[in-house]
1. For the structure I just gave you, tell me whether L265 is buried (at least 20 other Cβ atoms within 10 Å of the Cβ), among the aliphatic types (A, V, I, L, M) and either in contact (Cβ under 8 Å) with a residue 60 or more places away in the chain or under 30 Å from P9 (Cβ atoms) (or both).
2. Going residue by residue through segment 77-100, is there one that turns out to be assigned by TED's automatic domain parsing to the domain that holds A132, within 30 Å of K220 (Cβ to Cβ) and within 22 Å of the chain's Cα centre (by Cα)?
3. With segment 1-80 as the region, which strands (runs of 3 or more DSSP E) entirely inside it contain at least 3 residues that are touching an Asp or Glu at 6+ places or on another chain (Cβ under 8 Å), small (G, A, S) and surrounded by fewer than 18 Cβ atoms within 10 Å (Cβ to Cβ)?
4. Go through D330, D354, D297 for me and flag whichever is out of contact with any helix residue (DSSP H, G or I) (no Cβ under 7 Å at 6 or more places or on another chain) and touching a residue at least 12 places away in the same chain (Cβ under 8 Å).
5. When you go through A132, A163 one by one, which is the residue that is part of a strand (DSSP E or B) and in contact with a Leu (Cβ under 8 Å, 6 or more places away or on another chain)?
6. Can you tell me which residues in segment 289-342 are modelled with pLDDT of 95 or more and of a type in the set (K, R)?
7. As an exercise: evaluate T270 against (1) within 20 Å of P181 (Cβ to Cβ); (2) in contact with a strand residue (DSSP E or B) (Cβ under 9 Å, 6 or more places away or on another chain); (3) polar (S, T, N, Q) and give the number of the one condition it does not meet.
8. One residue is enough: does segment 225-234 have a residue meeting the conditions closer than 22 Å to G310 by Cβ, of a type in the set (S, T, Y) and out of contact with any Ser or Thr (no Cβ under 9 Å at 6 or more places or on another chain)?
Amino acid sequence: MNNDALRIPVALKLHPYEVVIGGAGLKGIGKELRLAGIKKGIKVLVVSNADVAQPYGDLCLESLRESGYKPTLLVIEAGEDQKTQASIALIHDAAYTAQLERGSLMIALGGGVVGDMTGFAAATWLRGIAVAQLPTTLLAMVDAAIGGKTGVNHPGGKNLLGAFHQPRLVLIDPSTLNTLPEREFRAGMAEVIKYGVIGDRELFELLEGISELATPSELKTALLEKIIERSAAAKSKVVSSDEREAGLRAILNYGHTFGHVVETLCGYGTWLHGEAVAIGMVAIGELAVMRQSWSRDDANRQRALIAKAGLPTSWPKLDPEAVLKTLQGDKKVRDGKVRFVMPTGIGSVEIKNDVSTEEIQACISRLN
């Protein structure tokens, strides 16, 4: 890995920070925290899961100690089905045992689930303490770790409990992808494809030109880092202009509205988040064709790219009435109307809230 870190600013007015890619990686977390203004000598709670803590936990703790921090490691269960209030309570209990103070720090070392839960726990411990994100999955690197959206699931829907709580630092070490299961890598590629559709036609075409997208070992290091860089930069740009999803940031939900339905009705853990988003992108692509907002050719290109990444493209057998009810319970509903991020071409989307129930039903029937 190149020792020269790539630094992408998230230029928020109140809480700006950097997304740091490469450099010394996890070995440099202590140094990077110092650069981010985190004072040495403070207590740090590192939250991780077993699959990540085993290869990387000691490396992270050692770097923190060398830079003068006082770290404690908490290992929790990961997986979408673990993203519950009970898991948050475990983090809060560990924070209490470690006697974390208002000047202390939590670090999320893991994928998007660990990042979401740690961020939410930090936002609610002592009315909010600092958090840093060390994503170890592709999905977390390009999406979940950036932007400050934290939360846990409710039986009625995904991420209904949460808070905006920006990290002080996002440190991405691409070498951690070497130990990532291929299915998890493919799930992250769904979010990369999303960035191509919503605003980066060149990224989409770059992905189309790569012969193998489903296996990280088949991608050259420089190409993988370029994909991470472009995706992280796209997320950072949108977040910088709309921190709390008042407008533009909603485009990041492309594929997620239908995707959250799949996750909720199929049961958390049946599909990985990125897999559900891939299915959701195919679904909204079909709805866009029906509404003539984009072409059948564009929809086919999207489906082909999703399939090349080894991701699912078929809508599961779900009760149409349950789908409609779940859509109405989505946190993106405004004044009783479901907001959809609708593609208008490769690299452009628009937000629509005028989709009728009949159109949704017709779309679902075409997907089945």
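The values are calculated or read from the model by the stated rules, or taken from the named source; none is laboratory data. Because the structure is a prediction, the values reported are computed rather than measured. We place every Cβ from the backbone using ideal geometry, glycine too, and count neighbours over all the protein chains shown.
1. Details: buried (at least 20 other Cβ atoms within 10 Å of the Cβ): no; among the aliphatic types (A, V, I, L, M): yes; either in contact (Cβ under 8 Å) with a residue 60 or more places away in the chain or under 30 Å from P9 (Cβ atoms) (or both): yes.
No, not satisfied.
2. Start the filter on segment 77-100 by keeping residues that are assigned by TED's automatic domain parsing to the domain that holds A132, which leaves 77-100.
Among the residues that remain, those that are also within 30 Å of K220 (Cβ to Cβ) are: 78.
Filter again for within 22 Å of the chain's Cα centre (by Cα), leaving 78.
Looking through segment 77-100, at least one residue is assigned by TED's automatic domain parsing to the domain that holds A132, within 30 Å of K220 (Cβ to Cβ) and within 22 Å of the chain's Cα centre (by Cα).
3. Numbers: elements: 5-10, 17-22, 43-49, 70-76.
Result: empty, no element qualifies.
4. Numbers: D330 fails: out of contact with any helix residue (DSSP H, G or I) (no Cβ under 7 Å at 6 or more places or on another chain); D297 fails: touching a residue at least 12 places away in the same chain (Cβ under 8 Å).
Of the residues listed, the single one that is out of contact with any helix residue (DSSP H, G or I) (no Cβ under 7 Å at 6 or more places or on another chain) and touching a residue at least 12 places away in the same chain (Cβ under 8 Å) is D354.
5. Working: A163 fails: in contact with a Leu (Cβ under 8 Å, 6 or more places away or on another chain).
The conditions single out A132.
6. Those that are modelled with pLDDT of 95 or more and of a type in the set (K, R): R291, R296, R301, R303, K308.
7. Failed condition: (2).
8. So far as segment 225-234 goes, yes, one or more of its residues are closer than 22 Å to G310 by Cβ, of a type in the set (S, T, Y) and out of contact with any Ser or Thr (no Cβ under 9 Å at 6 or more places or on another chain).
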